[in-house]
Amino acid sequence: GNLDIVGLAGTESAPIVIQGPADGSAVFTGNACCNTVEITNSSYVEVKNLTIDGQGLDGVFGVSTKGGSSNTTHHITIEGCRFLGHGASQQTVAISTKSPTWGWIIRRNVIDGAGTGLYLGNSDGSAPFVDGIIENNLVMNTIGYNMQIKFQSAWPQGSGLPETQTSTLIRDNVFIKNDAPSPDGDRPNVLVGGFPESGPGSENQYEVYGNLFFHNPREALLQASGRVSVHDNVFVDAVDAAVVVTNHDLPLRRAHVYNNTIYGVARGIRFGSAASEGDFVRANLVFAPELLTGPAADVADNLTFPVTEAASVVASPSMTLGMMDFYPLPGQALGAAVDLTPVAADVHYDVDFNRTPKDMVTFRGAYAGEGDNPGWQLDATLKDVGTEPSTTSSSSTSSGV
């Protein structure tokens, strides 16, 4: 059946928790009438450990907020849920927000085979997704995006959205595509759009770190506009560039791309546009014919190798999940210390993919170590970070997914 969450208001210290057993045996099933979990005018609500099965119904979303500015949802947590049966078309979405939202936490969910995994915001920029944390999810085998966070036009008046500068954190996720066609258009694994040109929200940013991006046969693994920090990720197997930063719906304003490991692509990073507020491309480890193309200005202290030389640099270069290990061999992937002061405002700028402190920042790539990898094995599983990270701060039809 359906779960309608309407007018529930918990508090920060006493949220309202809707929770199933840890084994996921509480199942909510899709119905052609409506989205399976619909959230309306609610705050400080946690939805945990549910299995949400769309039953293959086209246009029936798993978790949804809709209604634009007439619906305000904030501080909603979606945690430990499993999303199945949302793959009838590319326009069918597992988690969709089409109203102004802030303070959402989307954590430790498994989304397998959806049309689009997460679609946060509306296609016209009118429903900003702000100050969110998206962490430790596994999103795979989607027809289109694993995740898209839409660009934001000027924010609606009186929405309650936080007007101080905030970051949306995208960390410790696993984003995997397969070779299935995308009939409504090829999509990157993840796309994040720009922020309002002026006024509230215009200084916000995305921080994308500690994620595994794997496989895209026709597009980039990550595309970003606006203001973005991309660091300590592992990117494997894309037809062209792993990371594309460019003007899209809105301009590229700032692009920090550092300490990433990139393998099995035509080029590591593509700047489709210059970043008007500056860029920082440092300490990346790229196994590809080319490190970077496009108008990046601050590019230094990166290492680039042909894929054929990867086995002399990292433990187990591979495009097979469960076998790949890009941890540096002893004495490899090293260079002069890199000054990360320009990015010191980023959350966790000073720890690597495994949450190991970077110390002198002499290692290149996503791992600050050598020898045996002490961390999580790259695979189609929820990423285990060992310790919990500290925190910081529609209708069922859609277009443009």
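Every read-out reported here was derived from the displayed coordinates using simple, explicitly stated rules and does not represent laboratory data. Since the structure is predicted, the reported quantities are computational estimates derived from the model, not experimental observations. Here the Cβ positions follow ideal geometry from the backbone for every residue, glycine too, while neighbour counts run over all protein chains shown.
Values computed for the structure shown
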| item | result |
| --- | --- |
| Net +/- balance of residues flanking residue 288 in space, Cβ distance below 15 Å, scoring K and R +1, D and E -1 | -1 |
| Relative contact order of region 190-245, pairs being alpha-carbon contacts under 8 Å that are 6 or more residues apart, as % | 39 percent |
| GluC sites (Glu not before Pro) within region 247-342, DSSP loop, no more than 15 other Cβ atoms inside 10 Å | 277 |
| Length-normalised contact order of region 1-117 in % [C-alpha pairs under 8 Å, at least 6 apart] | 24 percent |
| Among (i) 33, 22, 20; (ii) 36, 25, 20; (iii) 33, 28, 20, the entry derived from the coordinates for semi-axes √(5λ) of the Cα gyration tensor in Å | (i) |
| Ordering of 160-171, 16-27 by burial proxy (mean other Cβ atoms within 10 Å per residue, highest first) | 160-171, 16-27 |
| In nm, spacing of pseudo-spin labels at residue 89 and residue 277 (7 Å Cα→C-beta vector) | 3.8 nm |
| Distance (nanometres) between label positions extended 7 Å along Cα→Cβ at residue 360 and residue 290 | 3.5 nm |
| Relative contact order %, region 118-184, counting alpha carbon pairs below 8 Å whose residues are six or more apart | 46 percent |
| Violating pairs (Cα-Cα greater than 23 angstrom) within the set 48/358; 177/383; 98/383 | 48/358; 98/383 |
| Debye, to nearest 20: dipole size of the chain, +1 on Lys, Arg Cβ, -1 on Asp, Glu Cβ | 500 debye |
| The chain: antiparallel DSSP beta bridges as a percent of all, rounded to 5 | 5 percent |
| 3J(HN,Hα) from dihedral phi, region 69-78, Karplus parametrisation 6.51/-1.76/1.60, rounded to Hz, x for glycine, proline | 5, 6, 10, 10, 10, 9, 6, 9, 10, 10 |
| Nitroxide proxy distance, nm - points 7 Å out along Cα→Cβ at residue 18 and residue 266 | 4.5 nm |
| Potential lengthening between residue 34 and residue 9 on full extension [0.36 nm per residue; Cα-Cα distance subtracted] | 6.7 nm |
